[in-house]
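Note sheet for the following structure.
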Amino acid sequence: LWSYIEEQFHKTMTPMSYTTWIEQATPRSLENNVFEVQVNDSLHKEYWDKNLVTKVIEFAYAYNGIEINPHISIRSDQDQDPVVSASEAAVRAEIPRGDDRLNSRYTFENFIIGKGNQMAHAAALAVSEDPGTLYNPLFLYGGVGLGKTHLMQAIGHQMLATNPDILIKYVTSEDFTNDFINSIRNNDGERFRNEYRNVDLLMVDDVQFFDAKVGTQEEFFHTFNALFDKKKQIVLTSDRLPNEIPTLEERLSSRFKWGLSVDINPPDLETRIAILRSKADNENISAPDDALTYIAGQVDSNVRELEGALLRVKAFAALKHAAITSSLAADALKSLTVAKKDNGLSIRQIQDSVARYYQVEVSDLLGRKRVKQIVMPRQIAMYLAREMTDSSLPKIGKEFGGKDHTTVIHAYEKIETMLKTDKDLKNEVADIRNQLKNRG
Ligand code: ADP
Ligand code: MG
């Protein structure tokens, strides 16, 4: 968890602030969701309480859906012990993800139905009641943060509730790839096949990130066939339709279309308010309707960001010892979107730099060609536009040849995810950033 938090701060802070506030802080423990962080002195504590605590809450929530309660204390002399305590080591360690454990919040009960998702919801519910025969595979697709993972896991919860003895497996396409590679390395393909081919429900999340190399897709092809032949349910998610995933082998994309493909669209205002209301009730956050309406009006494309905004408001209210009102919500959301990025950089300059770096034309970045050599630079340019300027998503979309803001969100999240594992990409993006910072 801590390394994820560090990384998030690293991306959003100046190096100077990062060294001052983050590097000098020590995560101590995480118990009962209370997250102990130690800092040097009262000045650091004050800064953390004021500026960083809400972000830590948000990051942790984005990381694995847990809501933590950061507690900042000042280090005393005896805490200076250089030996890393066991609890600290645990906080620093990555919490393993992608195991069979489902997020307990991702149930049908907690899923709010609206125009954008009612089809997907109905299909998921039908599959959970009659797995393996009705729609196999079920392919859910749509933008980031719209509830694909939630709905997929709800199927798992529901099937387990009906029959606790069934075997289910939830993985991301990256988990599948890693498992497969490890099985080759450790020479236990047998175990791997047992693990994947004997389940009653296999859920593979974000198949747009399926690796094009190393025979992973071939292995998945066989896994798919084995399960399908036994009438075991397969559920897949992606940010787009199978045939629109450039790295996906044709034999897979054609199989992915055998069952039912349903898309999820962004929620309308009413649905967003209903989601906030349900979330607030579940978490015992007391907030009047007009405050929720205000928040729902501010965040309009992504349920994850919507939830993040509510958590910010909640943390802000706690800090101020005040009740949540619409004007407090306005303050909370404003204070966290303060323009730290006022560096005079234009989107056009970013496009120029990226185009030069990858030796493509700026017009290609603005266009719609879907070849890999152009798609990546285009997404990187969108990513940097969001990271390095204050432009809104719709504005960025517009400056990229009139694209929809959801396209920008896709690009941003895709690059953000890739940066976590792809060292080359990380270096390239850092190079371009530096060029932009040292321009002129
Ligand atoms: P995706 O997988 O599409 O990126 P997620 O399933 O991770 O999105 O959803 C992001 C967050 O939004 C999760 O916390 C999820 O519980 C919540 N969420 C999304 N859609 C709904 C909904 N219709 N009702 C309640 N919560 C939702
Ligand atoms: Mg997801």
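The values are calculated or read from the model by the stated rules, or taken from the named source; none is laboratory data. These figures come from a predicted structure and were not determined experimentally. Note that each Cβ is placed from the backbone with ideal geometry, even for glycine, and that neighbours are counted across all protein chains shown. In case anyone asks, the SASA skips ligands and DNA or RNA and just uses the protein heavy atoms, side chains included. Shrake-Rupley method; radii C 1.70, N 1.55, O 1.52, S 1.80 Å.
Among the residues of segment 232-248, write down those that are closer than 18 Å to Ser261 by Cα and part of a loop (DSSP other than H, G, I, E, B).
Within segment 232-248, Lys232, Asp239, Arg240, Leu241, Ile245, Pro246, Leu248 meet the criteria.
Taking the criterion of being open to solvent by 50 Å² or more (accessible area, probe 1.4 Å) and closer than 22 Å to Val56 by Cα, the residues of segment 281-313 that qualify are Asn282, Glu283, Asn284, Ser286, Gln298, Arg304, Glu305, Arg312. For segment 346-356, the criterion of being at pLDDT 90 or above, of a type in the set (D, E, K, R), in a helix (DSSP H, G or I) and surrounded by 12 or more Cβ atoms within 10 Å (Cβ to Cβ) is met by at least one residue.
Residues that are part of a helix (DSSP H, G or I) and touching a strand residue (DSSP E or B) at 6+ places or on another chain (Cβ under 9 Å) were ranked within segment 198-231; the one that is farthest from ligand 2 (Cβ to nearest atom) is Phe228. The helices (runs of 4 or more DSSP H) falling completely within segment 107-197 that include 1 or more residues that are modelled with pLDDT of 95 or more and among the aliphatic types (A, V, I, L, M) map to 118-129, 148-162.
For segment 249-280, which residues satisfy the criterion of being closer than 23 Å to Lys115 by Cβ, in a loop (DSSP other than H, G, I, E, B) and open to solvent by 50 Å² or more (accessible area, probe 1.4 Å)? Within segment 249-280, Asn265, Pro266, Asp268 qualify.
Taking the conditions exactly as written (farther than 27 Å from Gln298 by Cα and either of a type in the set (Phe, Trp, Tyr) or open to solvent by 50 Å² or more (accessible area, probe 1.4 Å) (or both)), does Lys398 satisfy them or not?
no
Hey, could you check segment 165-197 for residues that are touching a strand residue (DSSP E or B) at 6+ places or on another chain (Cβ under 8 Å) and among the polar types (S, T, N, Q) and say which is surrounded by the most Cβ atoms within 10 Å (Cβ to Cβ)? By that ranking, first place goes to Ser173.
Apart from one condition, Asn117 fits all of (1) within 11 Å of ligand 1 (Cβ to nearest atom); (2) touching a Leu at 6+ places or on another chain (Cβ under 6 Å); the exception is (2). Scanning segment 209-221 for residues that are buried (at least 20 other Cβ atoms within 10 Å of the Cβ) and over 23 Å from Arg370 (Cβ atoms) turns up at least one hit. Scanning segment 311-325 for residues being among the small types (Gly, Ala, Ser) and part of a helix (DSSP H, G or I) gives a total of 3. Checking the structure you have, find out if any residue of segment 373-381 is open to solvent by 40 Å² or more (accessible area, probe 1.4 Å) and modelled with pLDDT of 90 or more. There is at least one residue in segment 373-381 that is open to solvent by 40 Å² or more (accessible area, probe 1.4 Å) and modelled with pLDDT of 90 or more. Can you name the residue in segment 424-436 that is touching a residue at least 12 places away in the same chain (Cβ under 8 Å) and under 17 Å from Thr12 (Cβ atoms) and, of all such residues, is surrounded by the most Cβ atoms within 10 Å (Cβ to Cβ)? Among those residues, the one meeting the criterion is Val429. The listed residues are Gly297, Gly308, and the only one of them that is under 23 Å from the mean Cα position of the chain (by Cα), in a helix (DSSP H, G or I) and away from ligand 2 (no atom under 16 Å from the Cβ) turns out to be Gly297. Among the residues examined, Thr421 qualifies as under 19 Å from the mean Cα position of the chain (by Cα) and open to solvent by 70 Å² or more (accessible area, probe 1.4 Å).
Filtering segment 227-246 down to residues that are within 16 Å of ligand 1 (Cβ to nearest atom) and surrounded by 19 or more Cβ atoms within 10 Å (Cβ to Cβ), which residue is nearest to Ile415 (Cα to Cα)? The extreme case among them is Asp239.
The condition of being of a type outside the set (Ser, Thr, Tyr), in contact (Cβ under 8 Å) with a residue 60 or more places away in the chain, away from ligand 1 (no atom under 16 Å from the Cβ) and in contact with a helix residue (DSSP H, G or I) (Cβ under 6 Å, 6 or more places away or on another chain) holds for only one of Leu345, Leu333, that being Leu345.
Once segment 125-158 is narrowed to residues that are open to solvent by less than 20 Å² (accessible area, probe 1.4 Å) and free of Cβ contacts under 8 Å to residues at least 60 places away in the same chain, the residue that is nearest to ligand 1 (Cβ to nearest atom) is Gln153.
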